[in-house]
Amino acid sequence: MDFKVANDAWLVSPRASISSFRSSLLREQDNSLGLKILAEGIESTVDVIAVHGLNGHRERTWTASNGVLWLRDFLPAVAPHARVITYGYDARTRGSSHASNRYIYDYAIEFVGKLCALRRDTSTEHRSIIFLAHSLGGVLVKSALVHSAFSGPSHLEEHRSIKTSTYGVLFFGTPHSGSDSATWATLLLNIISAFAKTNTLVVKRLKTNSEWLRQQTAQFTAIGSSFDIKCCYEALQTTLPLGKGVMVVPPASAIMQDAPNVEALRLSKNHVDLVRFSSDHEDDFVSIASCLRIMLRKCEAKVAANWRTESIIALTIDAQTQISKHNVVSQANGALSFEVPFRPPIERAPNFVGRKAHSQQIHDYLCPASGSADFMLRGVGRVLVLSGLGGVGKTQLTFEYAIEHQDQYSAVLWVNGSSIKSAQRGFRRIAQSFVDVYYTTDCTSCLGVWTPHLGKLLGPNGQITPDEASLERITSSVMSFLERKDNDNWLLILDSVDNLQEFPIQDFLPKTPSRKVIVTTRLAAVRLGYTIRVGGMDEEEAVQLLLASGNRRTKTALDIEHAKSIAKKLGYLPLALDQAGAYVSDVELPFGEYIPLFEENRPKLLRYEPTSGWCTPRGETVLTTWEISFKGIESYDGHAAELMLLLAFMHHETCWEGLFHLAYPKGLVTSEQEESDFHWLPELCADKYRFKNAFGKILSVSLVQRGTLPGSLYLHPLVHAWGRDRLPPSKRYRKLLHALTVIGSALRTISGSPTTKDALLLKQKILVHADACLEIAKSEISDSRSLSAEKVTIPALYQIAVLYKELGRLPQAEAILRLVLEFIRETAASPPIYEVQVQLAEVLYWSGICGEAENHYRDSIATQKSLFGDRHPGVFAAQVGLGKVLWETGRLGEADELLDSVLQNIKGTGGLGAIGQQAASNLGMVHWHQGRLKDAERCHKLVLEDLEASPNQEHMADLEPRYRLAIVYMEGGQWDNAEKEFTKVYLDRLEYLGIENPETLRSANALGNLYLLQGRYDESRPLLEAAWDGQLKLQLGAGNPSVLRTANNIGMLNRCQGKYPEAFEWLERGYSESKKAFGDTHYSFISCSTELAVLHVETGQPQQALALLDGMKCIPREERDPRRPVAIRALKVRGDALLELGRLEEANRQYSSLLPLMHSLFGEDHPYTLNLQLSMARLSHRAGRYGEARSALCDVVSRLKRSVGEGHPMTLEAVELLGDIRDVFDR
């Protein structure tokens, strides 16, 4: 490999322990949500309410570094009559357990509700309010005020009080038009906690030019004239990871541009510290306090006037409502009634829970609050479409809405829209309902309205004939009745409109501007008015439904936990949850036993019908609803149905249409695919019109839905599983093979193009489908070799293995490549065996299995030489790989000779090219191991120059040469240059490869090692620990060189911080694993042994250190031959052990023999050389040669200050020793 263990620990001395940076970032959430009163105030007349921002905390956000929480400590003096409240909510983008995934509007409603409750409980509903809002908190406050303004008599009337009581808002760095730091939040999340979740909805809404933010700003602007608004913006940049500084929310975004009554205030702070004041004399706090005092003087009178206006409006609305009700019920001429009781033709679900947010959305659209934008569009008919997957609960949601709001309509009318006949029967029931009311009330004038339409169909007892032939006429009668101008307050529900060919919906929509219609459908293609996509339930609702349908009157905490697991397994789908609960109840099954049973009997349980009690309106189970939809696809287009089933073998969330075009550009197929039964898909992809139609049909029935990204697709997890379960085993196996060939073909297309950023992103997108497909294969196939025995899948498996290798999934890559190699040896199928051998050798090399890697490289070289000759590019490429194995196993001379030979052969043909660049770069690493730093630097710079001159330079091609050049810089003491290159490489790899990639983790380890050498321990630890965690997650193996280096570096860091037990644990692990993997002459073993010896010396065990070093065969006691730098360092530590044992003469000989070697290898001012001279001065001090020691130390201290800085631990140690010697002279 190309980066040594950080064996330079002897440069730094242990200092006081620095607490882990990571623990501060990943601390567990405390109980900090909701409202908290910080100060009650004296006879309070105003509430000052603080709301924090992204990743904020209701107290820490407002607390300065000196512990001052100014809301509590300073504000009561500024506003003695104010009750000071702070509010906390969960809008984290990082954390150790979970992060919220809710919309900002949801937070706003919850905030308003809690605030109303507090004010109601304390009888302060009319008290004035001033909001203080930081960053995202300002977006939340604006949403809360918009929500409050549009609340009214029919919708959370109490919530309106918040807007009425609000005098003003102080925004601190609120992104009114979006903030570029939203993308940085994602990057920070990747660096700090790869395992945390993120509130993607919140972050997405904050991106620059967010459409949602523009809409929200427009809504707030409409009510903004009611408030006194101050916009505070940051004047200083915020430092992001690794020193990057940005203006998180620039003034253009922080200052509301179009709202009236806005005053801008510039604060000399960065975004994070914008609301932190350490002193009440601080200029920024004085400015804020002045603004608040002015607002406090004005607020009481203004808010009192607001409430007087609100009282007048409320009285007016009440009077209008009473008049309207009276007119609807009766008219002066004889009482024409349009009211009829709600008589739904379906049974109400006894266990219905939740869905409040959807219900409120329905009501807000059909009955908009007074003053809202929708309210201004009165006289426009409203058609609301509830669409979604079968079983998602559209019908029951509509039913519950109708029950809850039936008193607000003159009539709620229900029609089954599954066919024309079912709809006509529904309209006959509607007509009968009106006639029944008129007969019951003896209202002959009302009955007369119907007589001309119904004629002889209306019997003497008021019964309408059920004659099927008359249904069309009856339907026409009802439509005419609903279209009367004076009949303008009804709600029509067209349920289960799932087949537009069987039910032409436009024919059943009354043509009147006052219509209010709800349509429920599985069809995404129904586009009438406003559409709400109904998805699964949230966790709390799902658990309630499951416990209720499971007939659990008493429930334990364990029941609830099991219910959560079941709900997640069933994808929070209401019908599936209800079926599961019914089964648990019917067979009296403990909740804890359901998931294992479900795993083995998924189709049976999804088809289960309750033995008693309620069932769905049409008696359908989850599976029957989906089968109906699938049959519709199948009858329309068989290939569309096959495509739908193929998606069931991909990942259920991240598939996209472009994957199939990548697999079959212009319909091209391989010979293996041509011979199979898979040829229909390339033909479909070649015809763009047919392809689009096929996907359109799949999407139209909601079995597959559009994802959040353009062209992306989403299958509910149960639909995903059902798509496989419905197939017999033989067809399921063939469809699995087909899915693998699609993935492999897409990867083959990408591999033939340059390595661009887009190509890398595509590979990462395909990775999840490769994982999903192989995971399904694991469950479907008992012997994985049967999969590799399929000729059509071998090229696909090979491409997937290469993908795994490139993205760091080495164990999986190795397993697949071994299977492929075994099959190719038996059948001579493609790809060529020598290509597979090179790929497997590279995987084995990265995994630390260098002996087998060498064998595969040599076999590939021999095969290619026999086929193509000695100078074939494939031969050179394999030789470059072999050279890497030779240097990794310590055979530097062989590696030098081989790589130099390859380089000279390639140079003779012109430019280096990709293979020549790799040869030169590898040769540079061999020179580095040999201590030839200038030669190593020349090699790496040669590669970079060749890359810059190349017109077709691939994306990221320069990162590995830069990384290796940085290693040389670090070894040569050019730490500033090393840091610059390491930082660039790490950030680029982090952005394009992600944190879970060996290259990124190797870069993190290298940068952490450099920080360690510089004494920057608090910056080093999070990088080293992130590298270690990532390497474990990738299962790279304990003997992997990168893993060993990381372990050694963490051990060294613990030693430097005085954590000796932890240091011994890490270093002894590295010592044993490196010896096991490489033997006792490899430089990795020497490095681990050297660092362990340093630890023995520092903990007062120099004898053990000496025994350890003298036991190393490759480190003779008297070394004058200029060997590798790693050996020289080991000998230096041996001298330290001798010094601590009091064997001063031996130590002096050891040091003296090393000094000229260090001068020649590193130079006089290199930190390694200076460290040796510091040890020699310490020896002079021990020997009582104080003058000699003082003279040497004065020179060493001066040069250390120039080389590593005054604050470096080595400089501090030298200064301390010099002080001790001066004390001796003073005495």
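Yes or no, residue by residue, for (1) part of a helix (DSSP H, G or I); (2) among the polar types (S, T, N, Q):
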{"site": "Tyr986", "(1), (2)": "yes, no"}
{"site": "Tyr992", "(1), (2)": "yes, no"}
{"site": "Ile995", "(1), (2)": "no, no"}
{"site": "Glu999", "(1), (2)": "yes, no"}
{"site": "Arg1002", "(1), (2)": "yes, no"}
{"site": "Ser1020", "(1), (2)": "yes, yes"}
{"site": "Leu1023", "(1), (2)": "yes, no"}
{"site": "Ala1027", "(1), (2)": "yes, no"}
{"site": "Leu1036", "(1), (2)": "no, no"}
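Elements of the type helices (runs of 4 or more DSSP H) sitting completely within the stretch 1063-1143 and holding at least 1 residues that are modelled with pLDDT under 90 and among the hydroxyl-bearing types (Ser, Thr, Tyr): these cover 1083-1098.
Being in a helix (DSSP H, G or I) and surrounded by fewer than 17 Cβ atoms within 10 Å (Cβ to Cβ) holds for only one residue in Leu558, Leu545, and it is Leu558. Within the stretch 472-496, the residues that satisfy the criterion of being touching a strand residue (DSSP E or B) at 6+ places or on another chain (Cβ under 7 Å) and either under 15 Å from Phe342 (Cβ atoms) or β-branched (Val, Ile, Thr) (or both) are Ile474, Trp490, Leu491, Leu492, Ile493, Asp495. Picking from residues in the stretch 792-820 that are open to solvent by 10 Å² or more (accessible area, probe 1.4 Å) and of a type in the set (S, T, N, Q), the one that is farthest from the chain's Cα centre (by Cα) is Gln799. Restricting the search to helices (runs of 4 or more DSSP H) fully inside the stretch 808-872 and requiring at least 1 residues that are among the aromatic types (Phe, Trp, Tyr) and touching a Ser or Thr at 6+ places or on another chain (Cβ under 9 Å) gives 810-827, 833-846.
Being exposed (fewer than 15 other Cβ atoms within 10 Å of the Cβ), in contact with a helix residue (DSSP H, G or I) (Cβ under 8 Å, 6 or more places away or on another chain) and not polar (S, T, N, Q) holds for only one residue in Phe1162, Phe1225, and it is Phe1225.
Considering (1) more than 32 Å from the chain's Cα centre (by Cα); (2) at pLDDT below 85, the lone condition that Asp538 does not fulfil carries the number (1). Condition check for Asp47 on (1) of a type outside the set (Ser, Thr, Tyr); (2) assigned to a loop (DSSP other than H, G, I, E, B); (3) out of contact with any Asp or Glu (no Cβ under 9 Å at 6 or more places or on another chain): one failure, at (2). Here Ser165 fits the description: in contact with a strand residue (DSSP E or B) (Cβ under 8 Å, 6 or more places away or on another chain), under 27 Å from Val262 (Cα atoms), of a type in the set (Gly, Ala, Ser) and at pLDDT 90 or above.
Residues in the stretch 406-427 include none that are assigned to a helix (DSSP H, G or I), crowded, with 23+ Cβ neighbours inside 10 Å and of a type in the set (Val, Ile, Thr).
Please enumerate the residues belonging to the stretch 1135-1155 that are of a type in the set (Ser, Thr, Tyr), open to solvent by less than 20 Å² (accessible area, probe 1.4 Å) and farther than 17 Å from Ala1093 by Cα. Ser1153 - this is the single residue of the stretch 1135-1155 that is of a type in the set (Ser, Thr, Tyr), open to solvent by less than 20 Å² (accessible area, probe 1.4 Å) and farther than 17 Å from Ala1093 by Cα. Within the option set Val968, Val985, being over 31 Å from the mean Cα position of the chain (by Cα) and of a type in the set (A, V, I, L, M, F, W, C) holds for one residue only, Val968.
One line per residue, one yes/no per condition, for (1) in a helix (DSSP H, G or I); (2) farther than 18 Å from Leu1139 by Cα; (3) without any contact (Cβ under 8 Å) to a residue 12 or more places away in the chain; (4) of a type in the set (Asp, Glu):
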site	(1), (2), (3), (4)
Thr1169	yes, no, no, no
Met1176	yes, no, no, no
Leu1193	yes, no, no, no
Arg1199	yes, yes, no, no
Arg1202	yes, yes, no, no
Gly1219	yes, yes, yes, no
Asp1223	yes, yes, yes, yes
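If the condition is being more than 30 Å from Lys984 (Cα to Cα), surrounded by fewer than 15 Cβ atoms within 10 Å (Cβ to Cβ) and modelled with pLDDT of 85 or more, then the stretch 211-265 contributes Glu263, Ala264. Hey, among the residues in the stretch 765-779 that are of a type outside the set (Lys, Arg) and surrounded by fewer than 17 Cβ atoms within 10 Å (Cβ to Cβ), which one's modelled with the lowest pLDDT? Filtering the stretch 765-779 for residues that are of a type outside the set (Lys, Arg) and surrounded by fewer than 17 Cβ atoms within 10 Å (Cβ to Cβ), the one modelled with the lowest pLDDT comes out as Ser779.
The combined condition, being within 30 Å of Leu577 (Cβ to Cβ), modelled with pLDDT of 85 or more, touching a helix residue (DSSP H, G or I) at 6+ places or on another chain (Cβ under 9 Å) and outside any helix (DSSP H, G or I), is fulfilled by Leu384. Restricted to the stretch 642-684, and to residues there that are closer than 21 Å to Pro795 by Cβ, charged (D, E, K, R) and not in a loop (DSSP other than H, G, I, E, B), the residue that is modelled with the highest pLDDT is Glu683. Residues that are more than 44 Å from the chain's Cα centre (by Cα), open to solvent by 30 Å² or more (accessible area, probe 1.4 Å) and either closer than 13 Å to Asn1171 by Cβ or at pLDDT 80 or above (or both) within the stretch 1206-1222 comprise Glu1213, Val1215, Glu1216, Asp1220, listed in sequence order.
Taking the criterion of being at pLDDT 95 or above and part of a loop (DSSP other than H, G, I, E, B), no residue of the stretch 50-67 qualifies.
The set of residues from the stretch 687-720 being under 26 Å from the mean Cα position of the chain (by Cα), open to solvent by 30 Å² or more (accessible area, probe 1.4 Å) and modelled with pLDDT of 85 or more comprises Tyr714, Pro717. Among the candidates Tyr583, Tyr572, the residue that is of a type in the set (Phe, Trp, Tyr) and either surrounded by fewer than 21 Cβ atoms within 10 Å (Cβ to Cβ) or more than 29 Å from the chain's Cα centre (by Cα) (or both) is uniquely Tyr583. Checked across the stretch 626-641, the condition of being over 29 Å from Pro344 (Cβ atoms), touching a strand residue (DSSP E or B) at 6+ places or on another chain (Cβ under 7 Å), part of a loop (DSSP other than H, G, I, E, B) and at pLDDT 80 or above holds for no residue. Condition (residue is over 30 Å from Arg160 (Cβ atoms) and either open to solvent by 40 Å² or more (accessible area, probe 1.4 Å) or modelled with pLDDT of 50 or more (or both)) applied to the stretch 301-324: is it met by at least one residue? Scanning the stretch 301-324, I find no residue that is over 30 Å from Arg160 (Cβ atoms) and either open to solvent by 40 Å² or more (accessible area, probe 1.4 Å) or modelled with pLDDT of 50 or more (or both), so the answer is no.
The values are calculated or read from the model by the stated rules, or taken from the named source; none is laboratory data. Bear in mind the structure is a predicted one, so any value in this text is a computation, not a measurement. Ideal geometry is used to build each Cβ from the backbone, glycine not excepted, and the neighbour counts take in all protein chains shown. Keep in mind that these areas ignore ligands, DNA and RNA; they rest on the heavy atoms of the full protein, side chains included. Shrake-Rupley method; radii C 1.70, N 1.55, O 1.52, S 1.80 Å.
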